[in-house]
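Heads up: the structure comes next, in structure tokens.
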Amino acid sequence: MKMTVAQAIVEIMCKEGIKTAFGIPGAAINPVYKYMEHAPIEHFTMRHEEACVHAADGYQRAKHEIALAICSAGPGATNFVTGLYTAFIDSMPVLCVVGQANTGQLGQEPFQCVDMPDIVKTVTKKAWCVMKAEDLPAIMNEAFYLMREGRPGPVLVELPLDVQKAELDFDIDSYVPREVPVPGPDMDRIKQAVQMIKESKAPVLIMGGGCLIDGCTDQVVKLAEMLQIPVVTTYQAKGGIPEDHPLNAGHVGIQVGQPIGNRVFLDSDLVIGIGNRFSDRHTGDLKTYCEGRRFIHINIEPSQIGMVFEPELGIVSDAGLAVQALITEVEAAGLGPVNPARAEAIPALREELARRMDYDCSPIMPHRVFQEVNEAFDDETYFTVGCGITQIWSGQLQTINKAGKYLPSGGAGTLGYEVPAAFGVKVAQPGCHSVTLVGDFGLTFMGEEIAVASAFKKPIIIVVVNNAYLGLIRQNQSGYGFEYAVDMPYNQDGTIDYVKLGEAYGCVAERVFSPDGLKDALVRAKASTESSGRCYLIDAICVKLQACDMGLSIANIKSWAPEV
């Protein structure tokens, strides 16, 4: 039957499972919006195009379901780039659709015309400009396949205005979504891995973010329990093993790492990395990280194996299938606990090396903010966090007991991700609290999306860790022996009023100065969002010059926390 490209793309999106869209309509995309109006797709009009992608990203992380980010051409489309990068580096599939000028105008520099596929080619799995109406079904079929295949990630489809209005012969019943193969491991390599475990005296498992994406965290824990091997997590896998599990040895890393994680890792002779990337903030100095250890690296993406350093054994596989194969082979080999005495010591070591959080001072120590947050919310709460010193304290100090509840911008470290992602989470999981922890500076990146959450009655809770500084940058500058352009006293002295800002965006908002004040505010925030449907913003006034623990090597992390 005859239909326009605009109608066809909406019908295809529905058949592929798109139920939710975050977008901003515009002249260059309105033909598609004509058919969106009556489609079974819930649309949320955002306040900034970048936020459209972050919200779709947060929705995906919370629901494991692809959402649509859609906007017009030119500067609207280019605003998608940061969101695409954020989703791409963290392996999140997001469908991005943008408008474009008419095909006959391309190359003539018309109004709001920019080559988006060329711009985003390094931050998407693939991007297309649909130049002919009849090409649309095949392009969309490939787009949905690529988003889900292998290492997931975002794609972008650009639609020239005349192509949107052009007709093609298309019957949605003839459109068949492609099956996505799930690669399993080479069993000879699995046997080799089990032999390496058998030969080791102090192995450790790294649970990476890929384990959360694949939904195999319970299997990883089962494998660890069979072998009595400690589990360390990457930042993206925070929550993949309960905090008080006897084998949970925390994070490894030079910033968001934890003392126990670094200690256990350094004491290991074999590292089994599953679904991780060996990113620089995890490894720090590679000589320290690698020396004296053998490595097994399991990843679904072949290019990841050997990207940072060459492991002794690489296994290209879906994480869940690889872990199940390891479990089967361990059972077949009759391999029992490895170094049980080491495993038994982990709970006591975890308690011994825990960072202090119970500071009573006013203004509030940032550490105490996270203690109060830990105590205020249950294990079903979702958290988003972006970048900077607030993200580092969050990674170091927050207690997360369930996989997929802690949703940070990991690889990109994007200021501005926090609020729209929290909104996307609330759309995906309306029955749970969605909380974002953000610095006073970070709040002004995409903070306008609080108004969207308010307008649609999807209440989020915003906790502002207000230290009136670009804290992480100040700390970095101190290493060079200077401090410049990083102090923001006006964020605490009333010149900039975040309570009024929150109220202007539809929040109930308050400012707190003490731990007890924060504790009470969090109680009010939970009750208010549950009963009123309004967002809640807490401006927590914190110690200005407190630095965070970090270093260049996991063997040399400097603690800046006061002892008293």
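A few remarks follow.
- Packing order of peptides 171-180, 400-409, highest average first: 400-409, 171-180 (average count of other Cβ atoms within 10 Å over each peptide's residues).
- When only alpha carbons are used to place a centre, segment 135-159 and segment 320-399 end up 36 Å from one another.
- Think of each Lys and Arg Cβ as +1 and each Asp and Glu Cβ as -1; about the Cα centre, that makes the dipole of segment 467-530 roughly 140 debye.
- Residues whose amide H lies under 5 Å from that of E42, counting only those 5 or more places away or on a different chain, are T20, A21; hydrogens are built 1.01 Å from N in the peptide plane.
- With the charge dipole of the chain set up from +1 on Lys and Arg Cβ and -1 on Asp and Glu Cβ about the Cα centre, the Cα lying farthest toward the positive end among the listed residues I119, V10, Y359 is that of Y359.
- Only the Cβ atoms of Lys and Arg (+1) and of Asp and Glu (-1) were treated as charged; on that basis the dipole of segment 187-353 about its Cα centre amounts to roughly 200 debye.
- Extreme residue, positive dipole direction of the chain, given options G506, V176, V385 (C-beta unit charges): V385
- Label-to-label distance, K121 versus N102, with points set 7 angstrom from Cα along the beta-carbon direction: 2.8 nm.
- Subtracting the Cα-Cα distance of M187 and E352 from their residue separation scaled by 0.36 nm leaves 55.4 nm.
- For a straight C-alpha distance cut-off of 19 angstrom, the lysines reachable from K426 (same-chain residues fewer than eight places away being disregarded) are K19, K63, K402, K405, K457, K458, K526.
- The alpha carbon gyration tensor of segment 366-548 gives principal lengths a ≥ b ≥ c with a/c of 1.5 or higher and a/b greater than b/c, which makes the shape prolate.
- Radius 13 Å from Cβ of P40, net charge of other residues (Lys, Arg +1; Asp, Glu -1): -2
- Given their separation in residues at 0.36 nm each and the Cα-Cα distance between them, T495 and A555 gain 17.3 nm when the chain is fully extended.
- Test item: Cα-centred dipole of the chain, Lys/Arg +1 and Asp/Glu -1 on Cβ, debye: 360 debye
- Prolate/oblate/rounded call for the chain, Cα gyration tensor, a/c under 1.5 rounded: oblate
- The chain: calculated mean residue ellipticity at 222 nm from DSSP helix runs of at least 4, using -39500 (n - 2.57): -10500 deg cm²/dmol
- Given R0 = 41 Å, the distance between the Cβ atoms of N141 and E312 translates into a calculated FRET efficiency of 0.55.
- Antiparallel bridges, percent of DSSP beta bridges restricted to the chain (to nearest 5): 10 percent
- When each of the peptides 157-163, 235-241 is scored by how many other beta carbons lie within 10 Å of its residues on average, the order from highest to lowest is 235-241, 157-163.
- Sequence of R355, R263 once ranked by neighbouring C-beta atoms within 10 Å, starting from the fewest: R355, R263
- For the peptides 247-254, 94-101, residues were scored by their other Cβ atoms within 10 Å and the scores averaged per peptide; the highest-first order is 94-101, 247-254.
- Computed E for A202/F111 - FRET, C-beta separation, R0 56 angstrom, nearest 0.05: 0.30
- If you plug the beta carbon distance of D267 and R178 into 1/(1 + (r/R0)^6) with R0 = 45 Å, you get a FRET efficiency near 0.45.
- Sorted by Cβ density within 10 Å, fewest first, the residues D285, D360, D539: D360, D285, D539
- C-alpha center-to-center spacing [segment 32-95, segment 230-259] in angstrom: 31 Å
- Toward the positive end of the charge dipole of segment 366-548, with +1 on the Cβ of Lys and Arg and -1 on the Cβ of Asp and Glu, the farthest Cα among T436, P489, I538 is that of T436.
- Pair K19, D360: separation of 7 Å Cα→Cβ label points (nm): 5.0 nm
- Estimated distance in nm for a label pair at H38 and A341, the labels positioned 7 Å out from Cα along Cα-to-Cβ: 7.6 nm
Values in this text are rule-based calculations from the coordinates and carry no lab data. Everything numeric here is computed off the predicted structure, so don't read it as measured data. Glycine also receives a Cβ, built like all others from the backbone with ideal geometry; neighbour counts cover every protein chain displayed.
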